[in-house]
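Since the structure comes first, as structure tokens, the remarks are kept for the end.
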Amino acid sequence: EPEVTQTPSHQVTQMGQEVILRCVPISNHLYFYWYRQILGQKVEFLVSFYNNEISEKSEIFDDQFSVERPDGSNFTLKIRSTKLEDSAMYFCATTGTPIEQYFGPGTRLTVT
Amino acid sequence: GENVEQHPSTLSVQEGDSAVIKCTYSDSASNYFPWYKQELGKRPQLIIDIRSNVGEKKDQRIAVTLNKTAKHFSLHITETQPEDSAVYFCAAKSTHGGYQKVTFGTGTKLQVIP
């Protein structure tokens, strides 16, 4: 069964550094999402992406964040200048038809 | 924007009993309501979902009901087993043309006591 994959599984970075989180969607899926989950809290929507552009974004997704699909397969989330409060689990999810979302295993980001 | 509330935040039941988790949403444009189970350190796993044109859906021990008028939906787990212990999240998805947004509830930690 096809799966969404994410790399790295764990990323440790220093405050102020840039990080790029990568996701490989299921091949025929059309919608891509990034979510954040701070330890012990709910899953928070960051952004949805369709047809090579952002569809929706939350208030969390400020100018420090960007997404792109650089090569038609990978879907990336970039955080330009990380802050301590960016420490969380970041999940990528993709949707084809039907509309169920499939989540990747997540990347644990630790900002020190 | 959409606001999804979920209750209770924690739920303990004896093995074999039923568990019910309730969610409300605010955006009448929401048309898809998935439920996810998340075990510690793992990704959310879709366990059941319901679309806005359906009132109830069942899959073995799990059922979901939707009341569009009242804007609430519920997850029912019957004959609970220890392996049902996890955090459960409801979510509401709204679609406006090509735009999609998913809002999660705050989660319910279910503990099934053997």
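Throughout, read-outs are computed from the coordinates displayed, never taken from laboratory work. In this text, all values refer to a predicted model and were calculated from it rather than measured experimentally. As a convention, Cβ positions derive from the backbone with ideal geometry for all residues, glycine included, and neighbour counts pool all protein chains shown.
Translational diffusion of segment A:1-74 was estimated from the Stokes-Einstein equation, with Rh taken as the Kirkwood radius over Cα pairs; at 37 °C and 0.692 mPa s the coefficient is 238 µm²/s.
The Cβ shell under 14 Å around A:Glu18 holds other residues with a net charge of +1, Lys and Arg each +1, Asp and Glu each -1. The dipole here belongs to the protein assembly as shown: it is taken about the Cα centre, uses +1 on the Cβ of Lys and Arg and -1 on the Cβ of Asp and Glu, and is about 120 debye. Computed over the protein assembly as shown, the P(r) tail beyond 32 angstrom holds 19 percent of alpha carbon pairs.
If you build a Gaussian network model of chain A, linking Cα atoms that sit under 10 Å apart, which residue out of A:Thr94, A:Thr76, A:Thr13 swings the most? Highest fluctuation of the listed residues: A:Thr13.
Look at the alpha carbon pairs under 8 Å that are at least 6 residues apart: their mean separation over the length of chain A gives a relative contact order of 38 percent.
Mean partner shielding of peptide B:100-107, defined as the number of other chain Cβ atoms within 10 Å of each residue Cβ, is 6. Per residue, the convex hull spanned by the alpha carbons of segment B:36-114 comes to 112 Å³. Annotation for segment B:37-111: GluC sites (Glu not before Pro) lying in DSSP loop with at most 14 further Cβ atoms inside 10 Å of their Cβ are B:Glu39, B:Glu79. Within straight-line reach of B:Lys42, meaning a Cα separation under 30 Å, sit the following lysines at least 8 residues removed in sequence or on another chain: A:Lys42, A:Lys57, A:Lys78, A:Lys83, B:Lys22, B:Lys57, B:Lys58, B:Lys71, B:Lys93, B:Lys101, B:Lys109.
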